[in-house]
Amino acid sequence: MNWAAIRAMYVSEMTRFFRTIAQSFISPVISTSLYFVVFGAAIGSRIDQVEGVSYGAFIVPGLIMLSVMTQALSNASFGIYFPKFIGTIYELLSAPVNFLEIVLGFVGAAATKALFIGLVILGTAALFVDVQIQHPLAMLTFLVLTCLSFALFGFIIGIWAGNFEQLQLVPLLVVTPLVFLGGSFYSISMLPPIWQKITLFNPVVYLISGFRWSFFGVADVPIGMSLLAIAGFTALCLGVIWWIFKTGWRIRS
């Protein structure tokens, strides 16, 4: 394992992040505050509790998941697309590094950024509501796994994308709607029976449900299914990336 190469790629990506640390820090704080104003104040005043949890606290895991998924995906996709765009990816491919080392460098940096944003949002939420975490180790595990899996997914999107518009296509038209329809701001038990069954086909439901369980001990689906879903998604993304580097799809032409 070429740790020097991994460190170089990781530090390069993190340096770009810290150059805009004010924007990276302030933006999620403002967004989280607005969500609490809109959902916590406007809707929360009409909904007392959801599954025994105050509505303001109930939406915290969903807010964190929404930001973490989109940030991990966008950071990873841009991180690998930009070298493709300016042509430096060919220097990377000709260097003595394998695909796993490239993935560790770029995906590791994107996951670190998303994890940082998630912790910032958690701290911001604590200013508005009393956030209690029943299973802190499980919470951290779900958070890290979500950062890694969506960073891997973003890496795939960055290789697939042919222009900057396509980088935003999947996050805006696929991921964000799935997160909003995946129980971020409500429990799927509040839906009619037919919609509860349909919602279970949304993979994001399992991630949000498991993450919410780590906070409040309540979940829409069994915790084992949540872990299986995120493990399967991570394995699928790794398999696709291995195939991409093996065949050279979209990176050698």
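The values are calculated or read from the model by the stated rules, or taken from the named source; none is laboratory data. Just so it is clear, the structure is predicted and the values come from calculations on it, not from any experiment. Cβ: placed from backbone, ideal geometry, glycine included. Neighbour counts: every protein chain shown.
The residues on offer are 25, 36, and the sole one that is aromatic (Phe, Trp, Tyr), within 24 Å of residue 188 (Cβ to Cβ) and assigned to a helix (DSSP H, G or I) is 36. Checked against (1) in a helix (DSSP H, G or I); (2) among the hydrophobic types (A, V, I, L, M, F, W, C); (3) touching a residue at least 12 places away in the same chain (Cβ under 8 Å), residue 97 passes all but condition (1). With respect to residue 188, is the statement that it is in contact with a Ser or Thr (Cβ under 6 Å, 6 or more places away or on another chain) and not small (Gly, Ala, Ser) true? Answer is yes for this residue. Quick one: would you say residue 86 is within 23 Å of residue 117 (Cβ to Cβ) and either out of contact with any strand residue (DSSP E or B) (no Cβ under 6 Å at 6 or more places or on another chain) or without any contact (Cβ under 8 Å) to a residue 12 or more places away in the chain (or both)? Here the answer is no, as residue 86 does not meet what is asked. When restricted to residues that are within 21 Å of residue 136 (Cβ to Cβ) and either surrounded by 16 or more Cβ atoms within 10 Å (Cβ to Cβ) or free of Cβ contacts under 8 Å to residues at least 60 places away in the same chain (or both), the range 222-245 contains 6. Consider residue 64 carefully, then state whether it is β-branched (Val, Ile, Thr) and crowded, with 20+ Cβ neighbours inside 10 Å. Taking the combined requirement at face value, the residue satisfies it.
Among the numbered criteria (1) surrounded by 17 or more Cβ atoms within 10 Å (Cβ to Cβ); (2) under 30 Å from residue 161 (Cα atoms), which one does residue 249 miss? The number of the failed condition is (1).
Somewhere in the range 56-64, is a residue modelled with pLDDT under 85 and of a type outside the set (Val, Ile, Thr)? Checking the range 56-64: at least one residue is modelled with pLDDT under 85 and of a type outside the set (Val, Ile, Thr). Against the test of being in contact with a Phe, Trp or Tyr (Cβ under 6 Å, 6 or more places away or on another chain), in a helix (DSSP H, G or I) and either more than 30 Å from residue 181 (Cα to Cα) or not aromatic (Phe, Trp, Tyr) (or both), the options 235, 219, 229 yield a single qualifying residue, 229. Among the residues of the range 182-204, those identified as part of a helix (DSSP H, G or I), surrounded by fewer than 22 Cβ atoms within 10 Å (Cβ to Cβ) and touching a residue at least 60 places away in the same chain (Cβ under 8 Å) are 189, 190. Could you check, for the range 87-99, whether at least one of its residues is crowded, with 21+ Cβ neighbours inside 10 Å, more than 15 Å from the chain's Cα centre (by Cα) and of a type outside the set (S, T, N, Q)? Checked against the condition, which is being crowded, with 21+ Cβ neighbours inside 10 Å, more than 15 Å from the chain's Cα centre (by Cα) and of a type outside the set (S, T, N, Q), the range 87-99 yields no hits at all. In the range 205-216 there is no residue that is of a type outside the set (D, E, K, R), more than 19 Å from the chain's Cα centre (by Cα), at pLDDT below 90 and assigned to a helix (DSSP H, G or I).
In the range 120-131 there is at least one residue matching the filter, namely being under 25 Å from residue 77 (Cβ atoms) and touching a Phe, Trp or Tyr at 6+ places or on another chain (Cβ under 8 Å). Considering the range 108-137, the residues that are touching a Gly at 6+ places or on another chain (Cβ under 8 Å) and part of a helix (DSSP H, G or I) include one that is surrounded by the fewest Cβ atoms within 10 Å (Cβ to Cβ), namely 109.
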